[in-house]
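J.: To start, I am sharing the structure in question, which I have written as structure tokens.
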Amino acid sequence: MIPPPSDFLVLDAAPLAAVVLAAFTLALLGSFLVLQRQAMIGDAMAHSVLPGLVIAFVITGSRAPAPMFMGALGAALFASLAIAALTRYARVEPTAAIGVVFTTLFALGVLLVETTGARNVDLDLDCVLSGQLELLFWPIERGASPWSGESLDRLPQPLLTLATMWAMSVGAVLFGWRLLRATLFDRPFTQARGLRPGLVRGALLLLTTSTVVASFEALGSILVIALLTCPPAAARLLTRTLGAYVALSAVLGASAGLLGYAFATRGAPILIGGTIDASGSVAAAAGLILAATAMVTVLRRPVASPTG
Amino acid sequence: RDGSAASATDSGAREPDKKVVVCTTTMIGDIVRAVAGGTAEVHVLFGPTVDPHLFRATRDDVQQLMAADLVFYNGFGLEGYLEPTFRRVAESGIDLVAVAESILKGDEAMQDAGVSDPHVWMDPHLWARTAPLVAEALGRLLPDSAGLPGRAADTNARILALDSFAREAIATIPESARTLVTAHDAFRYFGRRYGLRVEGIQGLSTASEGGLQALESLVDLLVDERIPAVFFESTVSERNVKALIEGAAARGHRVVLGGTLHSDAPGSAGNYEAMMKHNISTIATALRGDSTATEALK
Amino acid sequence: MIARSNQAEPFAVENLVVAYRAEPVLWNVTWSARAGAMSAIVGPNGAGKSTLLNAAVGLVPIVSGRATFWGETFKDARHRIAYVPQRESIDWDFPITAAQVVEMGITHGAAWLVPDFLPRWSRRLLGKGTARAESKTHGALERVGMADFARRPIGELSGGQQQRVFLARALAQEAELYLLDEPFAGVDVATEEILTSELRALARAGKTVVAVHHDLEDVADRFDDVAVLHRELVASGPAKATLTEATIVRAFRQPRAPLALDSTAHG
Amino acid sequence: MIARSNQAEPFAVENLVVAYRAEPVLWNVTWSARAGAMSAIVGPNGAGKSTLLNAAVGLVPIVSGRATFWGETFKDARHRIAYVPQRESIDWDFPITAAQVVEMGITHGAAWLVPDFLPRWSRRLLGKGTARAESKTHGALERVGMADFARRPIGELSGGQQQRVFLARALAQEAELYLLDEPFAGVDVATEEILTSELRALARAGKTVVAVHHDLEDVADRFDDVAVLHRELVASGPAKATLTEATIVRAFRQPRAPLALDSTAHG
Amino acid sequence: MIGPASTDGTLARWFEVLTLSGGYNTNVVLFGVALLGLAAGAVGSFAMLKKQSLVADAFAHASLVGVAVAFLVQAWFHSWSGSPEAALAGAARPGPERNMVVLLVGAGIAGAAAVAAIEFLVRKTRLRADTATAAVSSASFGAGIATLSIARRVSGADQAGLDSLIFGAASSMTRADAYAMAALALIAALFTAVLFKPLRAVAFNDRFARTSGLPVNAIDIALGALVAAVTLAGMQAVGMLLVVALLITPCATARLWTRAVGPLVATSAALGATCGVLGVSLSRVLPSVPTGAVVVLIAAAAFVVSALFAPERGLLAGLRRERRMRAAVLVALRAPGDPGVNSGGAER
Ligand SMILES: Nc1ncnc2c1ncn2[C@@H]1O[C@H](COP(=O)(O)OP(=O)(O)OP(=O)(O)O)[C@@H](O)[C@H]1O
Ligand SMILES: Nc1ncnc2c1ncn2[C@@H]1O[C@H](COP(=O)(O)OP(=O)(O)OP(=O)(O)O)[C@@H](O)[C@H]1O
Ligand SMILES: [Mg+2]
Ligand SMILES: [Mg+2]
Ligand SMILES: [Mn+2]
């Protein structure tokens, strides 16, 4: 008889793989957002998807994942385009543009909840988007081998999505490296050289948006936003070149994923007698990495600012 | 004891022979415990003070689910975050029962509601149907357990007793005052069963936010029908109820705060029966406008 | 209008009018740069020198008139033009090294897709041009005396060093027309001399250089032609002949009232 | 150390060492500005001129040595000092006019609490100094030739005009010591002359002017003293005597190896 | 009672509401939101000029961890043995009601700590305001979620709804809230008027402000504290969405209309109040619309209209200016002699 699959395999393997993949990808893409002064865009997307969800719900009448995902993606894309347009054409300061867009879209969502049928459905629409790390467990049937085709089929779907996003992001960053560096650094120059900076930035934004929304679905929005911003911020303090910055950011992201998950599932039971929320723990770990980095840099070198 | 915390981490502490049954809400857990009567180990995921709408599972909870032989949950979206999980737990060969959905299957109450309102436990008459359902499911798991039907009948009877308690209590409220104003729409089944008009300030969904017009019409209602009391709910912010009281007071009608009702979780009441009794007597006392009669009822 | 011949001026503006708000800052400017010559644009602060260049490369909208490059629009000719603005509106905190900035001027076509952090041998496999690009970058940095600073982040350079890096990028572009807005601002005298001779060499090789310049004393030494601008074109022609005392006084000393289009503009 | 007398130099650095990273960019610089004189700091790009001023006003940390103003620290003396950095790292899109920028230099004490959006008469009631401040602002703008642009937002000025506004703010401060980092970069010749004579007048009135300057040819004409800097102090003294061919060559032409401190710096 | 009817009727009722005959609660909310809009518009302008528009959002997110910790502390205090272990083990008897004041104090402390952390990062490291805001906001929100999952283990005290408990909704404002908003608006108006010049100087060029002797740290702290106060008071009275929107959208709108800081602050405060009044009154006459969301959407509509039509920075205004310019230039060029140009002295 096959021994029952270990708790690690059932409960931890897939969430751990997912959080490391996602953390790596999000921190990688987030490092470019930070350079563009758009660190808050993840937060904006998390708030902006509500109208997309309500509209998708009203159109399809169901909470099935596929339409919800499309609705969320559409709303998030709209939000990022609107933010880009406001900064560029109305010359609104980027942070303020983010604030205007996400509060507006969220308010629109709340209004739609009230005026369409959604008010009478007992659900938090955002729970559709608040996936949880722990829930990516691997439901291997009792007595079945984990490596049978059937068991492998049961690997959580988001794991595959995240692996795809990881591959696409790494590929895009590798091959778009110079283009990204040039367009993010000096847009007018690249434009004058006949490149299409708008296209490059657009592609980056599209990739980021879809990764973020896919990760919302799998991991929940808290974790996504934290991983999008904290590791790049920490890496920014420790590096001087773009390559080192982006690479360190991704590595710090993955470490935050690992540490946070380990604390939530192994450390917390020892300290307080039970597991705690892994997404929250990973986000807090990312924050602690940043806090530690900031303390170290401030204590080591009290330079006010490099420019000027 | 409440199994959500310590028991899950060391699965070695489990009694080896017993089957494990996991329930989501306390309302279900109470019935399952009563029907199982010690023949199975029963765990409840949401403690009595946990809001099911916002419950977020940790690894311990998933471990409990995956170690279970049978899982009871409410359904109709009450356990919003967990619903996709239930499907995957089922995939791994674990038996799952959606209690509220099963007892309402084909029921006119459901068509009435039109939409999936999960707060079925608010109507003890309906909720009593849970007992035989649980017995049947447990029977599949424990084929040799002869005591199940008997305990199910007892439980059923106890819950139906709540129903008559409620009828008597509500009957003491003057017809004109039979309007229940609460923070959110959890009392529809309750109201339908006992002939109370139910007005919620907020919709079913927690994402919904009451508007000013709705609030003012509620004030109008309170003043016009001279309704004596409104109620807090333990899971929802108290602010909008306070605004109602203030609005009515400004128009010369004194509305009192009837007390705190438990809608989605038993809260400090601790279990389903206590919660319902608390709700019923609180409502009856407050809407009647005197407190002595309910003391007698208790 | 008459189609321009192949031998048209590398840079010409015709009846150019540019305005930011109601009042025009450039009025009816017609001027062209001679191919193979070094032309200076001089004029007091606020004369519209930067505006002229910015309008020509499409960064500021033109109200009327036009700017052409070899008879073509900027868009069609831009691969032959290197432009260094007066104030780079860039993020000085961006993690990019001096060499990487310069390399932006060299990279072409598919080379954009080759990441530069791969080991050297693998980059060789990917693109034969890589080694050439590297040596070009190095050469350009050396010409402005910044070879030692190739791997420094741009934000950790001094003001003059930053300016030199952007000049190196323009040099590396190997363009046929160089539009430089105050290229020597903040650059030390030694480097200024070196750069001038570099530009001179370019001009001798048939390229065209147009530079905004402030130091009236050495304009005649360094440039062939000059255009004196003060909202309108005050004078233009060979440097020595044009920069007379009278012209200078007219452009620099005379207070100039705003151009009075206001009545029509508000109508 | 010995306490300095009341008559101490307005600006002095002693054994100043400054480093951004492991390698120091200023090594053991001891120099002081003579009261009532105009001193120029010259040196090639990257010599550490801006670093010297930034370290003195506390924007860059000092590794060892010290900078004093009339024998006091910068903090204690800052109300007597006007400083114009090489590059203002500000938001050019900020909604503020040239006059308002200049007024920042004048406002003192309680005048900070009088908002300038109130109608004129009410401001008069609030503070008697208001009218004086207004005329001072106007005067400062006039001295740099920017009176016509008083109500223009700072972002809608040309590069040289912006520089002039910041110079006007420094002039308006009526300080006793002026630290100017390349004040004339981008400023046209006419204005440069006017500004020089303004500064000269200040010096005659007993104020002290220290300016980083690039144009070696007119240093001797415009400044009394000069300090030639190239990581170390190369030479200093009266302008005419100090700026010999040899000194210039030593500072500008000789390539200078990085200071070989690595072993100590890392130790 | 006001109910939906024809468009005419709605319009008439809208005016009725605007003349303060929409009912007691409506009037309370009208005043409360208008005053909050005033305060937020004034304070938010300076936050925007300092590129710190989203500090309020970070404050609101960070408040969650404060609520959770305050709750835990409270539960531990009231557990019968007094020991944390006993409370965690589930042995405690039913606890007291959640004390809103304690929770709000926790929220305030955590939010203020977040604002301070952002200031620290911007000051002492090379991180920019937006990055620091995003990082602090998300990490502290994550810590809040993690702490809430500990709170769940504390039996005997009601943790239900803890994460939304301190958030209010505009429609449920009470008289006390309105008074609080009045005080806040007064403080904000005085603060921005009296410290107008220092605030502008610090936002524009803080190095200069520092060297010219202004107490830059104190000014920054005061502004941060005021933003925090507006956010805290606002989020518990009208909800997080509305207060964040009121701190940002009117300011961004006002920026499109103005070229100086004074008018910017004044316009922004006036817009905040106006959008509040319009939104609240509109939500009173339209059936089943959430009040806070309507105010936000009105503010957003004002922004969109301004982005298109504002004479200063609006898109259409820019286009029109260019077109007029073009026409004027053509006229001037066609005219004989040297028309339009009174420069005198240019020869061609
Ligand atoms: N963005 C703008 N909006 C409005 N007016 C502007 C703007 N930029 C420049 N101006 C005005 O246009 C005129 C010409 O400016 P421009 O920058 O072309 O001058 P310039 O000749 O380059 O001067 P400098 O020598 O100072 O660089 C100036 O009067 C300036 O005030
Ligand atoms: N933030 C920084 N980090 C590291 N190195 C720096 C930084 N800023 C300047 N440096 C280096 O310090 C040296 C001195 O710089 P500084 O800006 O003082 O030169 P400078 O004399 O003002 O030159 P310029 O004439 O170009 O303005 C230069 O070699 C420069 O590369
Ligand atoms: Mg210019
Ligand atoms: Mg310098
Ligand atoms: Mn509910």
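J.: Kindly indicate whether any position in region E:126-146 is out of contact with any Asp or Glu (no Cβ under 7 Å at 6 or more places or on another chain), touching a residue at least 60 places away in the same chain (Cβ under 8 Å), more than 25 Å from A:Met45 (Cα to Cα) and of a type in the set (Val, Ile, Thr).
T.: Taking every residue of region E:126-146 in turn, none turns out to be out of contact with any Asp or Glu (no Cβ under 7 Å at 6 or more places or on another chain), touching a residue at least 60 places away in the same chain (Cβ under 8 Å), more than 25 Å from A:Met45 (Cα to Cα) and of a type in the set (Val, Ile, Thr).
J.: Mind checking which residues of region B:243-259 are within 17 Å of B:Thr182 (Cβ to Cβ) and surrounded by fewer than 19 Cβ atoms within 10 Å (Cβ to Cβ)?
T.: Within region B:243-259, B:Val256, B:Leu257, B:Gly259 qualify.
J.: Determine which single condition A:Ala268 fails, assuming it passes every other condition in (1) more than 21 Å from E:Thr131 (Cα to Cα); (2) surrounded by fewer than 24 Cβ atoms within 10 Å (Cβ to Cβ); (3) without any contact (Cβ under 8 Å) to a residue 24 or more places away in the chain.
T.: Of (1) more than 21 Å from E:Thr131 (Cα to Cα); (2) surrounded by fewer than 24 Cβ atoms within 10 Å (Cβ to Cβ); (3) without any contact (Cβ under 8 Å) to a residue 24 or more places away in the chain, only one is false for A:Ala268: (2).
J.: Could I ask something else about it? Output the residue which, of all residues in region A:30-58 that are surrounded by 24 or more Cβ atoms within 10 Å (Cβ to Cβ) and not in a helix (DSSP H, G or I), is farthest from the other protein chains (Cβ to nearest Cβ).
T.: A:Gln38
J.: Another one. Out of region C:91-127, which residues are at pLDDT below 85, polar (S, T, N, Q) and surrounded by 18 or more Cβ atoms within 10 Å (Cβ to Cβ)?
T.: C:Thr107
J.: Another question, if that's okay. What helices (runs of 4 or more DSSP H) completely inside region A:138-252 contain at least 3 residues that are within 8 Å of another protein chain (Cβ to nearest Cβ)?
T.: Because the criterion is at least 3 residues that are within 8 Å of another protein chain (Cβ to nearest Cβ), the helices (runs of 4 or more DSSP H) in region A:138-252 that meet it are A:177-185, A:187-192, A:221-238.
J.: Could you list all residues from region C:31-79 that are more than 12 Å from C:Glu9 (Cα to Cα), more than 12 Å from the chain's Cα centre (by Cα) and of a type in the set (Lys, Arg)?
T.: Answer for region C:31-79, where residues must be more than 12 Å from C:Glu9 (Cα to Cα), more than 12 Å from the chain's Cα centre (by Cα) and of a type in the set (Lys, Arg): C:Arg66, C:Lys75, C:Arg78.
J.: Tell me whether region E:180-203 contains one or more residues that are within 14 Å of chain B (Cβ to nearest Cβ) and either closer than 24 Å to D:Glu103 by Cβ or of a type in the set (S, T, N, Q) (or both).
T.: No; the residues of region E:180-203 include none that is within 14 Å of chain B (Cβ to nearest Cβ) and either closer than 24 Å to D:Glu103 by Cβ or of a type in the set (S, T, N, Q) (or both).
J.: Check every one of the strands (runs of 3 or more DSSP E) wholly within region D:6-88 and list those with 1 or more residues that are of a type in the set (Phe, Trp, Tyr).
T.: In region D:6-88, the matching strands (runs of 3 or more DSSP E) lie at D:11-19, D:24-33, D:81-84.
J.: Could you go through region E:224-241 and let me know if any residue there is within 12 Å of chain D (Cβ to nearest Cβ), buried (at least 23 other Cβ atoms within 10 Å of the Cβ) and on the phi < 0 side of the Ramachandran plot.
T.: No, the conditions are met nowhere in region E:224-241.
J.: If we keep just the residues of region B:65-91 that are touching a strand residue (DSSP E or B) at 6+ places or on another chain (Cβ under 7 Å) and open to solvent by 10 Å² or more (accessible area, probe 1.4 Å), which is farthest from the other protein chains (Cβ to nearest Cβ)?
T.: Once the filter is applied, the top-ranked residue is B:Tyr73.
J.: A further question on this structure: If B:Ala146 meets every condition in (1) assigned to a loop (DSSP other than H, G, I, E, B); (2) closer than 30 Å to E:Ser171 by Cβ apart from one, which number is that one?
T.: (2)
J.: For region B:208-222, does any single residue satisfy the condition of being of a type in the set (Gly, Ala, Ser), in contact with a Lys or Arg (Cβ under 8 Å, 6 or more places away or on another chain) and modelled with pLDDT of 90 or more?
T.: Checked region B:208-222: no residue is of a type in the set (Gly, Ala, Ser), in contact with a Lys or Arg (Cβ under 8 Å, 6 or more places away or on another chain) and modelled with pLDDT of 90 or more.
J.: Here's something else I'd like to know. Check whether at least one residue in region E:172-182 is open to solvent by less than 40 Å² (accessible area, probe 1.4 Å) and touching a strand residue (DSSP E or B) at 6+ places or on another chain (Cβ under 8 Å), and report yes or no.
T.: There is at least one residue in region E:172-182 that is open to solvent by less than 40 Å² (accessible area, probe 1.4 Å) and touching a strand residue (DSSP E or B) at 6+ places or on another chain (Cβ under 8 Å).
J.: Do any helices (runs of 4 or more DSSP H) lying entirely in region D:176-246 carry at least 2 residues that are closer than 10 Å to D:Ala40 by Cβ and open to solvent by 20 Å² or more (accessible area, probe 1.4 Å), and which ones are they?
T.: Output list reads D:216-222.
J.: Also, quick follow-up: Scan region D:139-149 for residues that are under 16 Å from D:Ile96 (Cα atoms) and more than 12 Å from ligand 1 (Cβ to nearest atom) and jot them down.
T.: Hits for region D:139-149 are D:Leu141, D:Ala147.
J.: Here's another thing I want to ask about it. Those residues that are near ligand 2 (Cβ under 8 Å from one of its atoms) and open to solvent by less than 10 Å² (accessible area, probe 1.4 Å), I need them from region C:162-175; list them, please.
T.: Result: C:Gln162, single match.
J.: Can you name every residue in region D:13-48 that is free of Cβ contacts under 8 Å to residues at least 60 places away in the same chain, open to solvent by 20 Å² or more (accessible area, probe 1.4 Å) and either more than 8 Å from ligand 2 (Cβ to nearest atom) or more than 14 Å from chain C (Cβ to nearest Cβ) (or both)?
T.: D:Glu14, D:Asn15, D:Ser32
J.: Looking at E:Ala317, E:Ala327, E:Ala293, which is the one that is free of Cβ contacts under 8 Å to residues at least 60 places away in the same chain and either crowded, with 24+ Cβ neighbours inside 10 Å or within 9 Å of chain A (Cβ to nearest Cβ) (or both)?
T.: E:Ala293
J.: When you check A:Ala76 against the structure, is it crowded, with 24+ Cβ neighbours inside 10 Å and in contact (Cβ under 8 Å) with a residue 60 or more places away in the chain, yes or no?
T.: Taking the combined requirement at face value, the residue satisfies it.
The values are calculated or read from the model by the stated rules, or taken from the named source; none is laboratory data. Quantities reported herein were computed from a predicted structural model and do not represent experimental measurements. Backbone-built Cβ (ideal geometry, glycine too); neighbour counts: all protein chains shown. These accessible areas exclude ligands, DNA and RNA; they are computed on the full protein's heavy atoms, side chains included. Shrake-Rupley method; radii C 1.70, N 1.55, O 1.52, S 1.80 Å.
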